[in-house]
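Single-structure report; data block below.
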Amino acid sequence: MTKLIFPLVLMTSLASGEAAAQCTKDTDCKGNRICVAGRCQNPPAGFAAAPPTPATVPPGPADPGWAQGAGIFGFIAGAVVLGMSVAAEVVGTEDPDFGIILGAAGTGMLAISGPIVGIGAASARADPRVSGSWVCRLVGWSSYGTTISLALVAVALAASDVEIPQGIPSTLGVMGLSALINLSLDAIWSAADARKLAPSPAPVSWMPTVTPLPLSRGGGVVVGLAARF
């Protein structure tokens, strides 16, 4: 009789232990209750549950914006600035007033083109994963600021009937061209970085197909190739 009572008592004890444990973690309890020593209880005053961990969303493709077009515009604008500067030096020897006008126009062209190219490059760097070329950006803006300052001084001196030494307008044109080239390279580089983050197109696979023709059309089969995108 003793051998039968002992397993029965042991099984009853295990069952009562499992029933007593209502929970093993807070999520096993309903509402705002928490699990304490295997039982669901109301949380104490001032208790704040840990916020749920947000799901990780993979980053999407980067947008190149209009950085590519800004880079092309910068190359063209740089050539125009250089051409106006050389023309201002050549024409200025015979017609100083017209030379001043050309020099001022070249300076204005440079002043407008730099920010346009810079803003275009920044449109691709709106995504933090796109960096472009910080070296070209640093050299470009440094050359831009220096050239604009010297060109304004040269135009002001020429307008005050101060003779500008030969070679100064052309040198300023070369400096302006260098500034816009560096800014344009940064814009094109930024656009290329953004395009690398775009999803690659699905490969095209070709497979042979055999299509039977109905007997009403004489029967037979049609053999061809099918493309899957």
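Only the coordinates and a few stated rules stand behind these numbers; no lab work does. None of the values given here were measured: they were computed from a predicted structure. Cβ sites come from the backbone with ideal geometry, for glycine too, and all protein chains shown count toward neighbours.
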Legend entry - Local net charge near Val155, Cβ-Cβ under 15 Å (Lys/Arg +1, Asp/Glu -1): -4
Legend entry - Descending semi-axes in Å of the stretch 73-195, equivalent ellipsoid built from Cα gyration tensor: 32, 11, 10
Inset, instruction - Sort 123-131, 186-194, 69-77, 174-182 for me by packing, meaning the mean count of neighbouring Cβ atoms within 10 Å per residue, highest on top. - result: 186-194, 174-182, 69-77, 123-131
Inset, instruction - Using a cut-off of 13 Å between beta-carbons, work out the net charge of the residues near Ala126 (Lys and Arg +1, Asp and Glu -1, Ala126 not included). - result: -1
